[in-house]
Amino acid sequence: MKVAYIFATQRHNVSYVLAKMILPQLEENRHGADVVGMFFFEDNNYVLVDGNPIGARLHKVAQDKGILLMGCDQCCYEREIADKLFKGVPIGCFPDLYKALSGNMPDQVITL
Amino acid sequence: MTALCREACCSVTPRLTVSELFERGFRRNRAAPLPIEGAAFTDPEGNTARFSVDVTGDTIASISFRTSSCATLIAYCEYLAEITVGFRFDIASAFTATSLVEALPGVPALKRNRAVLAVTAFRAALAQASDHLSSVTEGSL
(Lines give C-alpha, C1' and ligand atoms only; values in the text may rest on other atoms or scores of the structure.)
Protein backbone atom coordinates (compact mmCIF):
# COMPACT_ATOMS: atom_id res chain seq x y z
CA MET A 1 0.00 0.00 0.00
CA LYS A 2 1.24 3.48 -0.84
CA VAL A 3 0.64 6.27 1.62
CA ALA A 4 1.29 9.99 1.81
CA TYR A 5 1.47 11.87 5.09
CA ILE A 6 0.26 15.38 5.62
CA PHE A 7 1.65 16.93 8.79
CA ALA A 8 -1.11 19.39 9.47
CA THR A 9 -1.14 19.73 13.24
CA GLN A 10 1.74 20.63 15.51
CA ARG A 11 2.59 19.72 19.11
CA HIS A 12 4.32 16.30 19.07
CA ASN A 13 3.94 15.50 15.41
CA VAL A 14 7.45 16.00 14.12
CA SER A 15 9.48 15.37 17.27
CA TYR A 16 7.52 12.27 18.25
CA VAL A 17 5.33 10.75 15.54
CA LEU A 18 7.76 11.45 12.73
CA ALA A 19 11.10 11.29 14.53
CA LYS A 20 10.37 8.41 16.89
CA MET A 21 7.90 6.32 14.92
CA ILE A 22 7.77 6.84 11.18
CA LEU A 23 11.37 7.81 10.53
CA PRO A 24 13.06 4.95 12.45
CA GLN A 25 10.67 2.49 10.82
CA LEU A 26 11.55 3.81 7.39
CA GLU A 27 15.24 3.66 8.21
CA GLU A 28 14.81 0.03 9.31
CA ASN A 29 12.58 -0.88 6.33
CA ARG A 30 9.74 -1.99 8.60
CA HIS A 31 7.21 0.79 8.26
CA GLY A 32 4.69 -1.51 6.65
CA ALA A 33 3.65 0.77 3.79
CA ASP A 34 5.39 2.51 0.94
CA VAL A 35 5.57 6.20 1.77
CA VAL A 36 5.43 8.20 -1.47
CA GLY A 37 5.20 11.70 -0.04
CA MET A 38 5.15 13.94 2.98
CA PHE A 39 3.71 17.44 3.06
CA PHE A 40 4.28 19.84 5.92
CA PHE A 41 2.14 22.67 7.23
CA GLU A 42 2.90 25.48 9.66
CA ASP A 43 5.76 25.00 12.17
CA ASN A 44 6.25 21.43 10.99
CA ASN A 45 8.19 22.98 8.10
CA TYR A 46 11.12 23.73 10.39
CA VAL A 47 12.09 20.08 10.12
CA LEU A 48 12.86 20.73 6.45
CA VAL A 49 15.31 23.55 7.15
CA ASP A 50 18.79 22.55 6.06
CA GLY A 51 20.77 21.48 9.13
CA ASN A 52 17.85 20.24 11.19
CA PRO A 53 19.03 16.88 12.62
CA ILE A 54 15.69 15.10 12.25
CA GLY A 55 15.30 16.64 8.82
CA ALA A 56 18.74 15.44 7.77
CA ARG A 57 17.75 11.84 8.52
CA LEU A 58 14.41 12.34 6.81
CA HIS A 59 16.06 13.91 3.77
CA LYS A 60 18.43 10.95 3.46
CA VAL A 61 15.63 8.38 3.73
CA ALA A 62 13.55 10.35 1.27
CA GLN A 63 16.37 10.40 -1.24
CA ASP A 64 17.07 6.69 -0.78
CA LYS A 65 13.42 5.67 -1.12
CA GLY A 66 12.20 8.29 -3.59
CA ILE A 67 9.84 9.94 -1.12
CA LEU A 68 8.55 13.37 -2.05
CA LEU A 69 9.06 15.98 0.66
CA MET A 70 7.29 19.30 0.22
CA GLY A 71 6.72 22.31 2.44
CA CYS A 72 3.64 24.50 2.34
CA ASP A 73 4.76 27.59 0.45
CA GLN A 74 2.76 30.13 2.42
CA CYS A 75 3.84 28.57 5.72
CA CYS A 76 7.50 28.71 4.66
CA TYR A 77 7.29 32.29 3.41
CA GLU A 78 5.63 33.33 6.64
CA ARG A 79 8.53 31.83 8.58
CA GLU A 80 11.21 33.21 6.22
CA ILE A 81 12.55 29.72 5.54
CA ALA A 82 11.37 29.12 1.97
CA ASP A 83 14.89 29.38 0.57
CA LYS A 84 16.56 27.60 3.48
CA LEU A 85 15.24 24.06 3.05
CA PHE A 86 17.29 20.95 2.30
CA LYS A 87 18.59 20.84 -1.23
CA GLY A 88 15.93 19.68 -3.65
CA VAL A 89 13.02 20.02 -1.22
CA PRO A 90 10.38 22.17 -2.91
CA ILE A 91 7.68 24.37 -1.50
CA GLY A 92 4.22 24.43 -2.96
CA CYS A 93 0.50 24.30 -2.46
CA PHE A 94 -2.06 21.62 -3.26
CA PRO A 95 -1.71 21.89 -7.07
CA ASP A 96 2.04 21.38 -6.72
CA LEU A 97 1.56 18.47 -4.33
CA TYR A 98 -0.94 16.66 -6.54
CA LYS A 99 1.20 17.27 -9.62
CA ALA A 100 4.31 15.99 -7.86
CA LEU A 101 2.46 12.87 -6.65
CA SER A 102 0.69 12.25 -9.96
CA GLY A 103 3.37 9.87 -11.15
CA ASN A 104 3.26 7.82 -7.97
CA MET A 105 -0.16 8.24 -6.45
CA PRO A 106 -0.78 7.09 -2.87
CA ASP A 107 -3.64 4.75 -2.03
CA GLN A 108 -4.18 6.56 1.25
CA VAL A 109 -3.45 10.09 2.42
CA ILE A 110 -2.98 10.24 6.15
CA THR A 111 -3.31 13.56 7.95
CA LEU A 112 -1.36 13.81 11.16
CA MET B 1 19.07 59.96 3.26
CA THR B 2 19.06 56.21 3.66
CA ALA B 3 16.01 54.24 2.64
CA LEU B 4 14.26 52.42 5.48
CA CYS B 5 14.73 48.68 5.58
CA ARG B 6 11.41 46.98 4.87
CA GLU B 7 12.52 43.41 5.24
CA ALA B 8 11.59 41.02 8.03
CA CYS B 9 14.51 42.09 10.26
CA CYS B 10 13.06 45.56 10.84
CA SER B 11 9.84 46.89 12.23
CA VAL B 12 9.08 49.36 9.44
CA THR B 13 5.69 48.58 7.95
CA PRO B 14 4.36 47.70 5.50
CA ARG B 15 7.12 45.16 5.05
CA LEU B 16 8.17 44.04 1.62
CA THR B 17 8.53 40.36 2.50
CA VAL B 18 7.03 37.62 0.37
CA SER B 19 4.67 36.64 3.15
CA GLU B 20 3.32 40.13 3.81
CA LEU B 21 3.16 41.03 0.13
CA PHE B 22 1.11 37.88 -0.36
CA GLU B 23 -1.26 38.90 2.43
CA ARG B 24 -1.86 42.31 0.86
CA GLY B 25 -1.85 40.94 -2.67
CA PHE B 26 -4.43 38.34 -1.78
CA ARG B 27 -6.89 41.16 -1.06
CA ARG B 28 -5.91 43.20 -4.12
CA ASN B 29 -6.33 40.07 -6.25
CA ARG B 30 -10.02 40.03 -5.35
CA ALA B 31 -10.65 43.71 -6.09
CA ALA B 32 -12.45 44.85 -9.21
CA PRO B 33 -10.18 45.54 -12.18
CA LEU B 34 -9.19 49.11 -13.01
CA PRO B 35 -10.23 50.84 -16.27
CA ILE B 36 -7.26 49.88 -18.44
CA GLU B 37 -6.68 46.14 -18.60
CA GLY B 38 -3.70 44.43 -20.13
CA ALA B 39 -3.71 41.05 -21.79
CA ALA B 40 -3.83 37.90 -19.67
CA PHE B 41 -0.83 35.59 -19.75
CA THR B 42 -0.37 31.96 -18.77
CA ASP B 43 2.89 30.22 -17.94
CA PRO B 44 3.74 26.59 -18.77
CA GLU B 45 2.60 25.53 -15.28
CA GLY B 46 -0.86 26.96 -15.85
CA ASN B 47 -0.52 30.07 -13.70
CA THR B 48 -2.23 33.14 -15.09
CA ALA B 49 -1.76 36.86 -14.52
CA ARG B 50 -3.48 39.97 -15.77
CA PHE B 51 -2.86 43.53 -14.62
CA SER B 52 -5.08 46.57 -14.85
CA VAL B 53 -4.12 50.17 -14.25
CA ASP B 54 -5.56 53.59 -13.76
CA VAL B 55 -3.49 56.48 -15.08
CA THR B 56 -2.97 60.18 -14.67
CA GLY B 57 -1.37 61.48 -17.84
CA ASP B 58 1.62 59.26 -18.48
CA THR B 59 1.99 58.08 -14.90
CA ILE B 60 0.50 55.14 -13.06
CA ALA B 61 -2.19 56.22 -10.59
CA SER B 62 -3.13 52.77 -9.30
CA ILE B 63 -2.65 49.12 -10.13
CA SER B 64 -4.68 45.99 -9.71
CA PHE B 65 -4.27 42.42 -10.88
CA ARG B 66 -5.89 39.03 -11.16
CA THR B 67 -3.68 36.01 -10.85
CA SER B 68 -3.79 32.34 -10.02
CA SER B 69 -3.71 31.65 -6.31
CA CYS B 70 0.05 31.01 -6.22
CA ALA B 71 1.60 32.74 -3.20
CA THR B 72 4.84 33.54 -5.00
CA LEU B 73 3.11 34.95 -8.06
CA ILE B 74 0.78 37.07 -5.95
CA ALA B 75 3.72 38.41 -3.94
CA TYR B 76 5.60 39.36 -7.10
CA CYS B 77 2.54 41.07 -8.56
CA GLU B 78 1.84 42.90 -5.32
CA TYR B 79 5.42 44.16 -5.20
CA LEU B 80 5.00 45.68 -8.66
CA ALA B 81 1.62 47.11 -7.68
CA GLU B 82 3.02 48.80 -4.56
CA ILE B 83 6.34 50.00 -5.87
CA THR B 84 5.51 51.42 -9.30
CA VAL B 85 2.56 53.67 -8.47
CA GLY B 86 3.52 57.21 -9.51
CA PHE B 87 6.03 55.99 -12.08
CA ARG B 88 5.87 57.05 -15.72
CA PHE B 89 5.00 54.15 -18.02
CA ASP B 90 8.42 54.10 -19.66
CA ILE B 91 10.20 53.94 -16.30
CA ALA B 92 7.91 51.27 -14.91
CA SER B 93 8.33 49.23 -18.10
CA ALA B 94 12.05 49.02 -17.43
CA PHE B 95 11.35 46.71 -14.49
CA THR B 96 12.61 43.24 -15.40
CA ALA B 97 12.01 39.79 -14.02
CA THR B 98 15.63 39.76 -12.86
CA SER B 99 15.22 42.98 -10.93
CA LEU B 100 12.00 41.66 -9.42
CA VAL B 101 13.74 38.50 -8.23
CA GLU B 102 16.56 40.57 -6.76
CA ALA B 103 14.12 42.91 -5.05
CA LEU B 104 12.33 40.08 -3.28
CA PRO B 105 14.79 37.71 -1.60
CA GLY B 106 13.63 34.52 0.04
CA VAL B 107 11.99 32.93 -2.97
CA PRO B 108 13.49 29.51 -3.75
CA ALA B 109 14.93 29.01 -7.21
CA LEU B 110 12.13 26.71 -8.34
CA LYS B 111 9.56 29.48 -7.87
CA ARG B 112 11.45 32.46 -9.29
CA ASN B 113 10.11 31.94 -12.80
CA ARG B 114 6.84 33.42 -11.53
CA ALA B 115 8.59 36.79 -11.84
CA VAL B 116 8.67 36.40 -15.61
CA LEU B 117 4.91 35.95 -15.75
CA ALA B 118 4.33 38.87 -13.40
CA VAL B 119 6.52 41.27 -15.35
CA THR B 120 5.14 40.14 -18.72
CA ALA B 121 1.58 40.77 -17.62
CA PHE B 122 2.55 44.06 -15.97
CA ARG B 123 4.22 45.34 -19.13
CA ALA B 124 1.19 44.35 -21.19
CA ALA B 125 -1.00 46.55 -19.02
CA LEU B 126 1.47 49.42 -19.38
CA ALA B 127 1.49 48.98 -23.16
CA GLN B 128 -2.28 49.14 -23.09
CA ALA B 129 -2.09 52.30 -21.00
CA SER B 130 0.35 53.87 -23.46
CA ASP B 131 -1.98 53.06 -26.32
CA HIS B 132 -4.82 54.58 -24.36
CA LEU B 133 -2.80 57.73 -23.72
CA SER B 134 -1.90 57.99 -27.43
CA SER B 135 -5.52 57.66 -28.48
CA VAL B 136 -6.60 60.30 -25.96
CA THR B 137 -3.84 62.66 -27.13
CA GLU B 138 -4.70 62.16 -30.80
CA GLY B 139 -8.38 62.66 -30.07
CA SER B 140 -7.70 66.02 -28.45
CA LEU B 141 -5.75 67.36 -31.45
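The values are calculated or read from the model by the stated rules, or taken from the named source; none is laboratory data. Since the model is a prediction, treat every value here as computed from it, not as a measurement. Please note: Cβ atoms are built from the backbone with ideal geometry, for glycine as well, and neighbour counts cover all protein chains shown.
Worth pointing out:
- Checked against (1) more than 15 Å from residue B:117 (Cα to Cα); (2) over 13 Å from the mean Cα position of the chain (by Cα); (3) of a type in the set (Ser, Thr, Tyr), residue B:62 passes all but a single condition, namely (2).
- Qualifying positions in region A:73-89 - in contact with a Gly (Cβ under 8 Å, 6 or more places away or on another chain) and crowded, with 20+ Cβ neighbours inside 10 Å: A:73, A:77, A:82, A:85, A:86, A:89
- Residues that are farther than 23 Å from residue B:16 by Cα and either of a type in the set (S, T, N, Q) or not in a strand (DSSP E or B) (or both) within region B:35-56 comprise B:35, B:38, B:39, B:40, B:42, B:43, B:44, B:45, B:46, B:56, listed in sequence order.
- Hey, residue A:85 at pLDDT 95 or above, within 30 Å of residue B:74 (Cβ to Cβ) and touching a Cys at 6+ places or on another chain (Cβ under 9 Å) or not: yes
- Residue satisfying all of: in region A:76-105; small (Gly, Ala, Ser) and part of a loop (DSSP other than H, G, I, E, B); nearest to the chain's Cα centre (by Cα) among these: A:88
- Taking the conditions (1) away from every other protein chain (no Cβ under 13 Å); (2) farther than 21 Å from residue A:32 by Cβ in turn, residue A:108 satisfies each one other than (2).
- Candidates in region B:57-95 are the residues that are assigned to a strand (DSSP E or B) and among the β-branched types (Val, Ile, Thr); of these, the one that is farthest from the other protein chains (Cβ to nearest Cβ) is B:59.
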